Ligand SMILES: Nc1ncnc2c1ncn2[C@@H]1O[C@H](COP(=O)(O)OP(=O)(O)O)[C@@H](O)[C@H]1O
Ligand SMILES: [Mg+2]
């Protein structure tokens, strides 16, 4: 099996704004780089918060994801390097909103991002996509292009309703465009493990999706809110903070889960190859297929 970033494409999605998606996308990306991975962070939100959080100002962005989607530029034309070794960005810009507005009614718009990325991700271990806080064509495009989706959410009752809606959206994407997309889990954000509410909601997620689908939480931490203002990740800005600690833990967990799945897929492929080789030997008469 050839492993490309294509089957390591992760989306952090939630239809709600302010639930920590961009913070998770940016800091998990940096966390993966610190583990030696090469990561492309694709900013799919017209607000360009991920781009800004990495210190890239709108004036510095010449060509962006909107150009790539409209086929005015190739992925390689829009990629920008960050100060972080191993981390590249496909930047967004406000103009990306035009795609959401004008393309929504066009047939095939949902698969456009996946098509524009296909075959162009060699050289990366992960593609991380940061979609906008809406359930429009951009978020659907991200899910169509992805192999894994994680849902960052605060542990509140109202967030559970959003989770149900996201789960339905994932089924719709599975049924129509991308059967391979999997919901890998919920990432508790603004997490305070000491409250009864957080414990109760965590328990509910464990019983609904299974214990392995509750990822390590990201505690409320002021360094996380400060870092984007300096154009830096928390791992750069405040490496000793609780936020940096939580993201190092989360990145390690996401990476090891991804590695475990890749190892399993390789084993399944190798077993299938062994069986095929045995079949060929029996056909060729070099091995007696009859029971002794
Ligand atoms: N765990 C946290 N602790 C403190 N502030 C946070 C935390 N996670 C996110 N923030 C801040 O909350 C705001 C919304 O987070 P953001 O990641 O932009 O959400 P979204 O992308 O879902 O809209 C940002 O100002 C961010 O810096
Ligand atoms: Mg965001």
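Take the residues of region 4-26 that are near ligand 1 (Cβ under 9 Å from one of its atoms) and not in a loop (DSSP other than H, G, I, E, B): which is farthest from residue 238 (Cα to Cα)?
Looking at residues that are near ligand 1 (Cβ under 9 Å from one of its atoms) and not in a loop (DSSP other than H, G, I, E, B), I get 12.
Give region 39-55 a look and list any residue that's away from ligand 2 (no atom under 15 Å from the Cβ) and over 14 Å from the mean Cα position of the chain (by Cα), or say none.
55 - this is the single residue of region 39-55 that is away from ligand 2 (no atom under 15 Å from the Cβ) and over 14 Å from the mean Cα position of the chain (by Cα).
Residue by residue through region 219-249, note down the ones that are more than 16 Å from ligand 2 (Cβ to nearest atom), closer than 14 Å to residue 82 by Cβ and buried (at least 17 other Cβ atoms within 10 Å of the Cβ).
Residues satisfying the conditions are 232, 235, 236, 237.
For region 40-61, which residues satisfy the criterion of being over 25 Å from residue 135 (Cα atoms), away from ligand 1 (no atom under 15 Å from the Cβ) and touching a helix residue (DSSP H, G or I) at 6+ places or on another chain (Cβ under 8 Å)?
Correct list: 61 only.
Looking at region 109-152, which of its residues are within 12 Å of the chain's Cα centre (by Cα), assigned to a loop (DSSP other than H, G, I, E, B) and crowded, with 23+ Cβ neighbours inside 10 Å?
Matches in region 109-152: 131, 146.
With in contact (Cβ under 8 Å) with a residue 12 or more places away in the chain, assigned to a loop (DSSP other than H, G, I, E, B) and over 26 Å from residue 258 (Cβ atoms) as the only criterion, which of 36, 55, 66 stands out?
Step by step, each of 36, 55, 66 is checked, and only 55 is in contact (Cβ under 8 Å) with a residue 12 or more places away in the chain, assigned to a loop (DSSP other than H, G, I, E, B) and over 26 Å from residue 258 (Cβ atoms).
Name the helices (runs of 4 or more DSSP H) wholly inside region 155-267 in which the number of residues that are under 16 Å from residue 31 (Cα atoms) is 2 or more.
Because the criterion is at least 2 residues that are under 16 Å from residue 31 (Cα atoms), the helices (runs of 4 or more DSSP H) in region 155-267 that meet it are 222-226, 234-237.
Taking residue 75 as meeting all but one of (1) touching a residue at least 40 places away in the same chain (Cβ under 8 Å); (2) in contact with a helix residue (DSSP H, G or I) (Cβ under 7 Å, 6 or more places away or on another chain); (3) within 15 Å of ligand 2 (Cβ to nearest atom); (4) farther than 20 Å from residue 247 by Cα, write down the number of the exception.
Unmet for residue 75, out of (1) touching a residue at least 40 places away in the same chain (Cβ under 8 Å); (2) in contact with a helix residue (DSSP H, G or I) (Cβ under 7 Å, 6 or more places away or on another chain); (3) within 15 Å of ligand 2 (Cβ to nearest atom); (4) farther than 20 Å from residue 247 by Cα: (3).
Filter region 1-25 for residues that are within 16 Å of ligand 2 (Cβ to nearest atom) and either in contact with a strand residue (DSSP E or B) (Cβ under 7 Å, 6 or more places away or on another chain) or without any contact (Cβ under 8 Å) to a residue 60 or more places away in the chain (or both) and give the result.
10, 11, 12, 13, 14, 19, 20, 21, 22, 24, 25 - these are the residues of region 1-25 that are within 16 Å of ligand 2 (Cβ to nearest atom) and either in contact with a strand residue (DSSP E or B) (Cβ under 7 Å, 6 or more places away or on another chain) or without any contact (Cβ under 8 Å) to a residue 60 or more places away in the chain (or both).
State which residue is nearest to ligand 2 (Cβ to nearest atom) when the search covers only region 183-201 and only residues that are on the phi < 0 side of the Ramachandran plot and in contact with a strand residue (DSSP E or B) (Cβ under 6 Å, 6 or more places away or on another chain).
The residue in question is 189.
Every number in this text was worked out from the coordinates using simple rules, so none of it is lab data. This structure is a prediction, so every number in the text was calculated from the model and none was measured. Cβ: placed from backbone, ideal geometry, glycine included. Neighbour counts: every protein chain shown.
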